[in-house]
1. Assigned to a helix (DSSP H, G or I), touching a residue at least 40 places away in the same chain (Cβ under 8 Å) and among the β-branched types (V, I, T): does that describe V102?
2. For the stretch 87-100, does any single residue satisfy the condition of being basic (K, R), under 16 Å from the mean Cα position of the chain (by Cα) and either surrounded by 19 or more Cβ atoms within 10 Å (Cβ to Cβ) or within 15 Å of E128 (Cβ to Cβ) (or both)?
3. Give the stretch 1-16 a look and list any residue that's polar (S, T, N, Q) and either crowded, with 16+ Cβ neighbours inside 10 Å or over 26 Å from L111 (Cα atoms) (or both), or say none.
4. Report yes if E123 is modelled with pLDDT under 95, under 15 Å from the mean Cα position of the chain (by Cα), assigned to a helix (DSSP H, G or I) and within 23 Å of D18 (Cα to Cα), otherwise no.
5. For the stretch 48-62, how many residues are in contact with a Leu (Cβ under 7 Å, 6 or more places away or on another chain) and of a type in the set (D, E)?
6. Could you pull out the residue among E153, E36 that is acidic (D, E), at pLDDT below 95 and on the phi < 0 side of the Ramachandran plot?
7. Restricting to the stretch 17-57, and then to whatever is touching an Asp or Glu at 6+ places or on another chain (Cβ under 6 Å) and closer than 23 Å to A132 by Cβ, can you tell me which residue is surrounded by the fewest Cβ atoms within 10 Å (Cβ to Cβ)?
8. Under 26 Å from E98 (Cβ atoms), modelled with pLDDT of 80 or more and assigned to a helix (DSSP H, G or I) - does that describe any residue in the stretch 156-171?
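The values are calculated or read from the model by the stated rules, or taken from the named source; none is laboratory data. Predicted, not measured: the structure shown is a model, and the values here were computed from it. Cβ atoms come from the backbone with ideal geometry, glycine included; neighbour counts cover every protein chain shown.
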Amino acid sequence: MSNATTEREEAARLPEGDVIRILLEEHARIRDLFTEVKGAQGEEKKRIFDELRALLAVHETGEELILRPAAKKTAGEAEAEARNHEEEAANKVLADLEKMDVSDPEFDAALARFERSVIEHAEHEEQEEFPAVRQGCDEDQLKSMGTRLRLAEKMAPTHPHPAVAGSPTAQRLIGPFAAMVDRVKDALTRSGGRA
């Protein structure tokens, strides 16, 4: 079982801009944010959860659009589809968590269950999907995928959208519009307006 430290160490051994390096660094940050949310209260807890929610939303979109096509070829279609189905389920839970008050005791219980499923999903990727992609792609391909991943994440929705999660086709068609709405919503929330 990996942890944020081992993910960062493994990422540091990979070339800068490599898609797997970027994803490992994001996995480590996701673990950190889960820990931070659990240790926070009030507005700070909400702020950290919002950061976690946004990172998970853009991370999963990026994986679905950039990593999964390569994983289908290298790790097999069943592996790629299993990860997409996990992301689809996680997106639904994340949408439910987003609607909850972070001070509600049920939020903490739901977050703990969600954290376990997210960590299990990340470990599947790290043990099954990432090695196959690294083995099946050369360094230039991995760096190109890293560049495309960063672009996809910049244009990805920052809130969960269960209707498109797990489907790269739906992500391509609906994702940009959802992302635009999400970013306006985020800006309004930061400025004190209602979203």
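1. Here the answer is no, as V102 does not meet what is asked.
2. So far as the stretch 87-100 goes, no, none of its residues is basic (K, R), under 16 Å from the mean Cα position of the chain (by Cα) and either surrounded by 19 or more Cβ atoms within 10 Å (Cβ to Cβ) or within 15 Å of E128 (Cβ to Cβ) (or both).
3. Within the stretch 1-16, S2 is the sole residue that qualifies.
4. Working: modelled with pLDDT under 95: no; under 15 Å from the mean Cα position of the chain (by Cα): yes; assigned to a helix (DSSP H, G or I): yes; within 23 Å of D18 (Cα to Cα): yes.
So E123 does not fit the description; no.
5. Result for the stretch 48-62: 1.
6. Values: E36 fails: at pLDDT below 95.
Criteria check complete, one pass: E153.
7. Once the filter is applied, the top-ranked residue is A28.
8. no
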